[in-house]
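Below is one structure. I have some questions about it.
The values are calculated or read from the model by the stated rules, or taken from the named source; none is laboratory data. Just so it is clear, the structure is predicted and the values come from calculations on it, not from any experiment. Every residue, glycine among them, receives a Cβ derived from its backbone with ideal geometry; neighbour counts consider all protein chains shown.
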Amino acid sequence: MNNYLFIIGTLLNIITAFLFIYDKYASSRRLQRISEKTFILLSIFGASITLYFLMYIIHHKTRKIKFTVSLPLIITIQICFLFYLSC
């Protein structure tokens with residue numbers, strides 16, 4: 001069971017990273033973009049740390065209040081939830 005969760009989490013983070021990098025590419029080329037709701041949902045499902053670091057590494061969505069506030073909040077809630085489950 002733990003192996004499956006690890007594999008699913010890893011795939012989710014890899015897919016999220018590719019989508020976020022593609023969205024950065026698409027924004028500069030005026031191509032079809034990926035919605036912000038999609039990234040928020042992916043972060044809720046477990047890719048929040050990946051999105052947070054990528055946001056500042058590739059300088060994408062750093063001016064959006066929705067991302068600069070919600071991602072740290074989601075990370076904090078996820079850490080609290082994991083701490084609660086471990087007790």
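For segment 50-87, which positions are part of a helix (DSSP H, G or I), exposed (fewer than 11 other Cβ atoms within 10 Å of the Cβ) and not hydrophobic (A, V, I, L, M, F, W, C)?
84, 86
Now a separate question. Considering only residues that are hydrophobic (A, V, I, L, M, F, W, C) and closer than 21 Å to residue 9 by Cα, look in segment 19-31 and name the one that is surrounded by the most Cβ atoms within 10 Å (Cβ to Cβ).
Ranking the candidates gives 20 first.
Turning to a different aspect of this structure: May I ask you to verify whether residue 34 is outside any helix (DSSP H, G or I), surrounded by 14 or more Cβ atoms within 10 Å (Cβ to Cβ), modelled with pLDDT of 95 or more and within 14 Å of the chain's Cα centre (by Cα)?
Yes.
Kindly indicate whether any position in segment 44-51 is within 21 Å of residue 6 (Cα to Cα), modelled with pLDDT of 95 or more, of a type in the set (Ser, Thr, Tyr) and over 13 Å from the mean Cα position of the chain (by Cα).
No, segment 44-51 contains no residue that is within 21 Å of residue 6 (Cα to Cα), modelled with pLDDT of 95 or more, of a type in the set (Ser, Thr, Tyr) and over 13 Å from the mean Cα position of the chain (by Cα).
On the basis of being over 11 Å from residue 16 (Cβ atoms), at pLDDT 95 or above and out of contact with any Phe, Trp or Tyr (no Cβ under 8 Å at 6 or more places or on another chain), does residue 74 make the cut? Even if it seems obvious, please write down each step before you answer.
Numbers: over 11 Å from residue 16 (Cβ atoms): yes; at pLDDT 95 or above: yes; out of contact with any Phe, Trp or Tyr (no Cβ under 8 Å at 6 or more places or on another chain): yes.
When the stated conditions are applied, residue 74 passes them.
In addition: Under the condition of being of a type in the set (Gly, Ala, Ser) and touching a Leu at 6+ places or on another chain (Cβ under 8 Å), which residue from segment 45-87 is farthest from residue 9 (Cα to Cα)?
If we take residues in segment 45-87 being of a type in the set (Gly, Ala, Ser) and touching a Leu at 6+ places or on another chain (Cβ under 8 Å), then 48 is farthest from residue 9 (Cα to Cα).
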